[in-house]
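As structure tokens, the structure follows; a few thoughts come after it.
Values quoted throughout were computed directly from the atomic coordinates according to the rules given, and no laboratory measurement underlies them. From a predicted model like this one, the values you see are computed outputs, not experimental measurements. With ideal geometry, Cβ positions are generated from the backbone for all residues, glycine too; neighbour counts draw on all protein chains shown.
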Amino acid sequence: MKQLVNPNLDPTIFSGGWALNDWLGWCLAYTEVAFGADRVSATATDEWNRISFRHEDRNLPSGVYVPVWFSHFGTYNGVYKNWGHVAIYKDGTIWSSPISHKPYADIWTSIEQVEQRYNCKFIGWSEDIGNVRVIEEEDMTIPDADNYYWRYGQKLARQVRGRELSRDEFRAALVGKTDLNAVEILSDDSEADTMLHAQDVGVIAVQDNWEGQIESLTKQLNDTKVALQNAENKPPVEVVKEVEKIVEKSVYINDPILAKNTQDTLTIVKSIKGMLINFIGVVKNFIKKG
């Protein structure tokens, strides 16, 4: 994680410009002022529910200052509710609005100590407060290592482009790039567009049961062959009627645009259908000659 805002751990002035010589009961204001953040919410609970980058876990980052949040029920000005509590954390040390009247923060050495002294319960930490992002993920660059080649040059490349990159291609295209750059490089490519189109065709094939339709057409073809083999035993007109009845069903494709533009995918289906039509022509020629 990278620190974007280093907090002033002993602030004495609100963002409004007036001095505060007693931080008792002002946990949200203390933390906001320390990070130079806006005053948006009335209570720590309200702000916890509003912020964008919150983590409801204890996987606290190391080496950076972050807001840590607690639930805290109490009665203030005659109102009992979950007012919440917020403080500043870094590597196990916590700076919080004090539990006595003074113009600077109390410093604690564990979350459990804060829970005990403030009668509160830890609920998580955040990357932001008061419309200010205080930390963010550092951009990682991809090294020329076997595990990264397997992840990006082989597995991800196959998923996006439909083939693995050679080690030289991996080095030239992805090594030294960030995660986002790598995704952009792999996806912004004609191979990726071809792969995406193939996936779209595959979805339609599953939806419309092309495999079942091909099987049905194959059966019609076999039935047509049987009908032609039995032609000598039937009047020619009856043979034509029987063949036409066999092939009266056509292949159904759900997406008209896809049906129009994917001639390569439909080759086998059209080939089978064409063979059926040719058989009808053979039978009709047989009738004319007879």
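Things to note:
- Extending 7 Å from the Cα toward the beta-carbon at both residue 204 and residue 138 defines two label points whose distance is 4.8 nm.
- For GluC sites (Glu not before Pro), the sites in region 102-203 that DSSP calls loop and that have at most 13 other Cβ atoms within 10 Å are 137, 138.
- HN-Hα J in Hz across region 93-98 - Karplus 6.51, -1.76, 1.60, θ = phi - 60°, x for Gly and Pro: 9, 10, 9, 9, 3, x
- In Hz, Karplus ³J(HN,Hα) per residue of region 113-128 (6.51, -1.76, 1.60; θ = phi - 60°; x = Gly, Pro): 5, 5, 4, 5, 6, 9, 6, 9, 10, 4, 10, x, 9, 9, 9, 8
- Anisotropy class of region 146-188 from Cα gyration tensor, a/c 1.5 cut: rounded
- Under 12 Å from the Cα of residue 2 - aspartates and glutamates, other chains or at least 8 residues apart: 127, 136, 137, 138, 139
- Loop trypsin sites (Lys or Arg not before Pro), region 27-109 (other Cβ atoms within 10 Å of the site Cβ: 12 or fewer; DSSP): 58
- Distance (nanometres) between label positions extended 7 Å along Cα→Cβ at residue 4 and residue 122: 2.4 nm
- Here, P(r) means the percent of Cα pairs in each 10 Å bin from 0 to the largest distance; for region 125-219 it is 14, 30, 20, 20, 11, 3, 1.
- Footprinting exposure proxy for 195, 140 (fewest neighbouring C-beta atoms within 10 Å first): 140, 195
- Between residue 104 and residue 71, the modelled labels are 3.5 nm apart [label points 7 Å from Cα along Cα→Cβ].
- Cα gyration tensor shape of region 2-136, rounded if a/c is under 1.5, else prolate or oblate by comparing a/b with b/c: rounded
- Per-residue 3J(HN,Hα) values for region 46-63, derived from phi via the Karplus relation 6.51 cos²θ - 1.76 cosθ + 1.60 with θ = phi - 60°, read 4, 5, 4, 6, 9, 4, 8, 10, 10, 10, 8, 7, 10, 7, 6, x, 9, x Hz in sequence order (x marks Gly and Pro).
- Placing R0 at 22 angstrom, the Cβ-Cβ distance between residue 191 and residue 168 gives a FRET efficiency of 0.85 after rounding to 0.05.
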